[in-house]
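Everything below concerns the one structure shown next.
Read the figures in this text as sums done on the coordinates, not as results from a lab. Since this is a predicted model, take the numbers as computed values, not measurements. Heads up, the Cβs are rebuilt from the backbone with ideal geometry, glycines too, and the neighbour counts pull from every protein chain shown.
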Amino acid sequence: MHDLFLKSGAASSARQSHPGPCTGGETRSGGDGGGGGGVDLRDTNFTRLNGAFASLLETLQSADLPATAPTVNAAVETQKALANLKAKWAELKTKDLASINANLRLANQPELAP
């Protein structure tokens with residue numbers, strides 16, 4: 001996704017109209033010499049996804065033309081990353097939290113609420 005975003009030229013145009021990437025400090029430089037600006041979704045979290053969506057929104061709002069195919073693909077990949085992260089969050093709340101609460105009950109401690 002990152003490389004598609006950089007190659008689309010969207011990152012370049014976003015950098016020209018914006019002083020820095022909207023990623024909350026979670027950027028990485030691309031291997032194509034693009035200088036960064038995209039968001040790394042390999043090991044994502046909600047902060048990175050927020051930055052990715054903000055960067056895409058900035059790119060789409062600053063363009064005078066319809067979105068390019070790479071920008072649309074970047075949006076689709078970011079939405080998929082959000083769906084995956086939400087699934088992991090739901091699993092954490094159901095499986096991991098149940099296990100933690102069981103241990104807390106054994107220790108006569110208050111349980112964590114989801």
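Data table
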| read-out | value |
| --- | --- |
| Check on Asn108, at positive phi and of a type outside the set (Val, Ile, Thr) | yes |
| Region 37-71 - residue that is among the aliphatic types (A, V, I, L, M) and under 15 Å from the mean Cα position of the chain (by Cα) and, of those, surrounded by the fewest Cβ atoms within 10 Å (Cβ to Cβ) | Leu57 |
| Any pair with Cβ under 8 angstrom, 6 or more apart, that starts in region 79-91 at a residue that is small (Gly, Ala, Ser) and ends at one that is assigned to a helix (DSSP H, G or I) | Ala81/Leu49; Ala81/Ala52 |
| Filter pass, Ala81 being within 11 Å of the chain's Cα centre (by Cα) and closer than 20 Å to Leu41 by Cα | yes |
| In region 68-114, the residues that are assigned to a loop (DSSP other than H, G, I, E, B) and either of a type in the set (A, V, I, L, M, F, W, C) or touching a helix residue (DSSP H, G or I) at 6+ places or on another chain (Cβ under 8 Å) (or both) | Thr68, Ala107, Pro110, Glu111, Leu112, Ala113, Pro114 |
| Matching residues, region 72-108, being among the hydroxyl-bearing types (Ser, Thr, Tyr), within 17 Å of Arg48 (Cβ to Cβ) and surrounded by fewer than 12 Cβ atoms within 10 Å (Cβ to Cβ) | none |
